[in-house]
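Structure first, then comments.
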Amino acid sequence: MKHYIAHRAATALLCAATTVIISGCGSNGAEAGARSASSATGTAHAFDTGDGTSAGPRAEEGTEDPTSGPPYVPVPEFSSAAARDVAFVGDVGQFTAWPGATEYEAMSSSDGGYNISDFRKAVIRDAGAVCDAFIAGTGMNDVPDAVGLPFADPIDQAAFIVEAVTFYCPDQIAAVTGGVYSEPVATEQDEDCPAVSTLKATATIERPDADDDPTSATYSVKVRNTSSYDVRVQLQQRWFADGKVPEMQLAPEWVPEWEFFGEMGEDQFFTIAAGETFAYEGEQNGVYSWDRTEVRVTPREFVFFGCGYRPGPDVLTEE
């Protein structure tokens, strides 16, 4: 039942915010709820003390059920600022309308020069700017322009703003919802984000026959997501030569550098569903006799969706 409670609270909060930023809620509010990552995993935090912990009001025994409606709304509470950031990035990473030509493009189908780590920095930065705008007295309808949110759709704007306030400045919830919700109630989270080690990458090379060109090799790559969360990753690849082409023989101590993945122009970002395997086949050409290839997730260039943001065993849960 606790996921239902979190879903209900988050959808209602987003609907209230959407009503402020665009006229009417109805189907638009429902659409906004679907776009908000939190509506699928829960909503919960308290007043930020600067280190990711909270000092906000908690539900008291005998009070009204804080998930039943105004003025209460559960907000996430984390053990540290780092845990909060990880959960926030994974939460908003589930949005499906990230624009290109910004730091957000690594999460879209755009082919640009930004990485997932740029996306991480950008959404945390913009979340802070949203909070600063509200604290300065900026009205809900003016926040997108004041912050420079790169969304054209008001529903996308509202969804991001709700997530930012929920995680980083829940004391501004009343400003977001036009007073519909006014009192944030802290809810401890299960901080269960997987490590990159849950992504298992393998690469095999098909050795050419004796009469084939040794400098051309076909290969296959598999990256299995063994975690229970979808993930967005950036991949790297490197190639080793066996020295069978004497005029191109390499020094014994030479170790190849990690470079772009796949064939020239190939997308470097991939989303792998929980428990699924990403598979790729390609061909490598050049001047060396290829011995083997290796593939890895680029260090720090990954984000698991929806992890770390799920109500733990706290006062807002129901059995």
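Quick notes
- One residue stands out in segment 112-125 among those that are within 26 Å of residue 261 (Cα to Cα), without any contact (Cβ under 8 Å) to a residue 40 or more places away in the chain and within 13 Å of the chain's Cα centre (by Cα): the one that is surrounded by the fewest Cβ atoms within 10 Å (Cβ to Cβ), namely 121.
- In segment 250-304, residue surrounded by the most Cβ atoms within 10 Å (Cβ to Cβ) [restricted to those that are aromatic (Phe, Trp, Tyr) and part of a loop (DSSP other than H, G, I, E, B)]: 261
Table: residues versus (1) in contact with a Leu (Cβ under 9 Å, 6 or more places away or on another chain); (2) more than 24 Å from residue 96 (Cα to Cα); (3) free of Cβ contacts under 8 Å to residues at least 12 places away in the same chain; (4) surrounded by fewer than 21 Cβ atoms within 10 Å (Cβ to Cβ).
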| residue | (1), (2), (3), (4) |
| --- | --- |
| 127 | no, no, no, no |
| 130 | yes, no, no, no |
| 135 | no, yes, no, yes |
| 144 | no, no, no, no |
| 147 | no, no, no, no |
| 157 | yes, no, no, no |
| 161 | yes, no, no, no |
| 164 | no, no, no, no |
| 179 | no, yes, yes, yes |
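- When segment 101-111 is filtered for residues that are surrounded by fewer than 20 Cβ atoms within 10 Å (Cβ to Cβ) and under 16 Å from residue 232 (Cα atoms), the ones remaining, listed by number, are 108, 109, 110, 111.
- Helices (runs of 4 or more DSSP H) wholly inside segment 105-187 containing at least 3 residues that are within 25 Å of residue 82 (Cα to Cα) and not hydrophobic (A, V, I, L, M, F, W, C): 116-135, 154-168
- Cross-chain or 6+ apart pairs with Cβ under 8 Å, segment 217-235 first and crowded, with 20+ Cβ neighbours inside 10 Å, then acidic (Asp, Glu) and assigned to a loop (DSSP other than H, G, I, E, B): 225/276
- Number of the exception - residue 83 against (1) in contact with a helix residue (DSSP H, G or I) (Cβ under 9 Å, 6 or more places away or on another chain); (2) assigned to a helix (DSSP H, G or I); (3) within 26 Å of residue 196 (Cα to Cα): (1)
We did not get these values from a lab; they are worked out from the coordinates using the rules stated. For clarity, every value in this text was computed on a predicted model and none was experimentally measured. Virtual Cβ from ideal backbone geometry, glycine too; neighbours counted across all protein chains shown.
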